[in-house]
Structure formats: structure tokens, C-alpha cells
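Working notes, structure below.
The values are calculated or read from the model by the stated rules, or taken from the named source; none is laboratory data. Model, not experiment: these values are computed from the prediction. Ideal geometry is used to build each Cβ from the backbone, glycine not excepted, and the neighbour counts take in all protein chains shown. Just so you know, the surface numbers come from the protein's heavy atoms only, side chains and all, with ligands and any DNA or RNA stripped out. Shrake-Rupley method; radii C 1.70, N 1.55, O 1.52, S 1.80 Å.
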Amino acid sequence: MNSKLVPFSGLYQDIQSTINDARPFLPPTQLGRHVLGEFFDCETLPNDVTTIQEQLEEAARIVGATIVQSVFHSFNPYGLSGVVVIAESHLAIHTWPEHRCASVDLYTCSNEIDPRPGFDYLREVFQAGRYDVLELPRGAGLQNGD
């Protein structure tokens with residue numbers, strides 16, 4: 001299988017027009033929603049595990065996810081990575097405070113969860129000057145009855 005690397009911003013611009021942001025639920029043949037967010041020009045991006053864990057867990061609660069476990073790691077001299085495992089899949093973050101940016105990944109297998117309020121919350125708490133969010137359907141290639 002051949003693959004092509006596409007810069008996130010280019011990918012976002014290329015396929016965002018095909019995504020219907022108004023749909024609250026998944027089509028029956030779609031297994032999940034994979035939402036990728038990049039936050040730039042962040043004024044209040046934390047560099048401590050406790051704060052970022054609290055913020056990601058709050059984002060999970062806001063979207064109605066069921067938190068199972070959280071694991072976070074702080075890098076030297078700065079930067080954090082972490083994942084909140086949710087019953088519906090996961091919410092992960094990677095930060096680069098020296099660049100004032102963060103990447104957030106939310107995968108949900110639930111038809112009931114709308115990830116957008118969680119990303120809006122993170123944009124607010126990070127005080128991001130700009131951000132991109134891209135939603136990808138997962139399992140959409142399944143045929144009915146698979």
C-alpha cells in the first residue's frame with residue numbers, strides 16, 4: 001500500500017469541505033469519530049502534569065465520556081504527553097510549550113458523543129489564538145451487516 005504524507009494543515013483544507021459538522025450522530029455503517037485538533041498561539045498552555053490532566057479529564061466529562069484511567073508524562077525540559085482512556089476509546093494530548101502549541105486526539109466509538117464541546121473547552125483554557133480541528137470517520141468502509 002502506498003501512502004502519502006500530507007501536512008496537517010493541507011489535509012485539513014483538502015477534506016474539511018467533505019465533513020458535515022452539523023451531524024450529531026454517526027451513520028450506522030461508521031464505527032467511530034476520530035477528531036484531531038491542533039492549538040496554536042496558546043497563552044496558557046500548562047507545563048505541569050496535574051493541570052493538563054485535570055483539563056483533559058474535564059474535556060472528557062464535557063463530551064459525556066466515561067473516564068477509565070489517565071496516564072501523563074512530563075518531558076525535560078518541557079512538554080507533556082498524556083492519554084485519558086475512556087470507555088468509548090481515548091483522548092490524548094502532546095504539548096510543545098516552547099512553541100505555544102498542542103495536538104489533541106479524540107477517538108470515540110459512541111454515537112452519543114459530540115467531541116466539539118470538548119475541543120471548544122480546550123481552546124478556551126489554552127487561550128489558543130488559532131486552532132484546526134479535523135474529523136475523520138472510522139470504519140466508514142464497512143458494508144451494512146459487517
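Some points to look at:
- Annotation for the range 102-143: GluC sites (Glu not before Pro) lying in DSSP loop with at most 15 further Cβ atoms inside 10 Å of their Cβ are E112.
- Of the accessible area of the range 45-146, computed with a 1.4 Å probe over protein heavy atoms only, carbon and sulfur atoms account for 48 percent.
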